[in-house]
1. Within region 18-49, how many residues are under 16 Å from residue 68 (Cβ atoms) and at pLDDT below 95?
2. Residue check, residue 196 against (1) at pLDDT 85 or above; (2) under 30 Å from residue 65 (Cα atoms); (3) surrounded by 14 or more Cβ atoms within 10 Å (Cβ to Cβ), all met but one. Which one?
3. Considering only region 95-105, how many residues are surrounded by fewer than 17 Cβ atoms within 10 Å (Cβ to Cβ) and modelled with pLDDT of 95 or more?
4. Considering only region 56-79, state which residues are at pLDDT 90 or above and either touching a helix residue (DSSP H, G or I) at 6+ places or on another chain (Cβ under 8 Å) or in the same structural domain as residue 185 (by TED's automatic domain parsing) (or both).
5. How do the helices (runs of 4 or more DSSP H) wholly within region 22-127 filter down when requiring 3 or more residues that are free of Cβ contacts under 8 Å to residues at least 60 places away in the same chain and under 19 Å from residue 193 (Cα atoms): which remain?
6. How many residues are without any contact (Cβ under 8 Å) to a residue 24 or more places away in the chain and under 22 Å from the mean Cα position of the chain (by Cα) when one looks only at region 170-183?
């Protein structure tokens, strides 16, 4: 079954039993330029009860994300029009999508880089369909476990607690620390990076996609200064939000 959203055409595989959706049906997007491989994997997962939508390019994947957020994205790193790693990072950070790479890149460097960046799993081609299914189930189990065990968007760091559900930052006494939308988005992005440096361009990209209106290309540094004044013991000598020269910023929080 194919569905069209404007210029985007997505082939959709759904499985129904007795008129109802299968109990284990989740939304999966498969991104791979190789038609035979993509159709084979999508069909196999469909027969196992998963709702799979397949696209062949990075542009189509981005358009799909604007319409529906998948639970899992399975991507080839080498796409004809985009870098699969960058697309996966965007889907993971901005939409909370779990990421699995099934790719022709087999070097240990590529595998480690993907796993450190955002991947929940990394499989090298060629690979049997049964292994892909087993890995999909494993990633989704970990995702479900995190949610059922209270894996809500709450970060605790250096005496502060950031609750993204209620959009509230509180200090070690439980007192609220007022933040603007831009400051909230900036802090959330730095926390999600788990201590990794983030460029100004990357921070701007993330912040601008979260319905934030007080940020532009020149104001990431301004947001950092404002946030430092609110959470640093000594804003003039920041210990939490650190400048990484030539890169951007990182949050040094245990």
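1. Residues in region 18-49 being under 16 Å from residue 68 (Cβ atoms) and at pLDDT below 95: 4 in total.
2. So residue 196 meets the others, but not (3).
3. Going through region 95-105 one residue at a time, the tally reaches 1.
4. Result: 56, 58, 61, 62, 72, 73, 74, 75, 76, 77, 78, 79.
5. 84-95, 108-117
6. Matching residues across region 170-183 total 0.
The values are calculated or read from the model by the stated rules, or taken from the named source; none is laboratory data. Everything numeric here is computed off the predicted structure, so don't read it as measured data. Note that we place each Cβ from the backbone using ideal geometry, even for glycine, and neighbour counts take in every protein chain shown.
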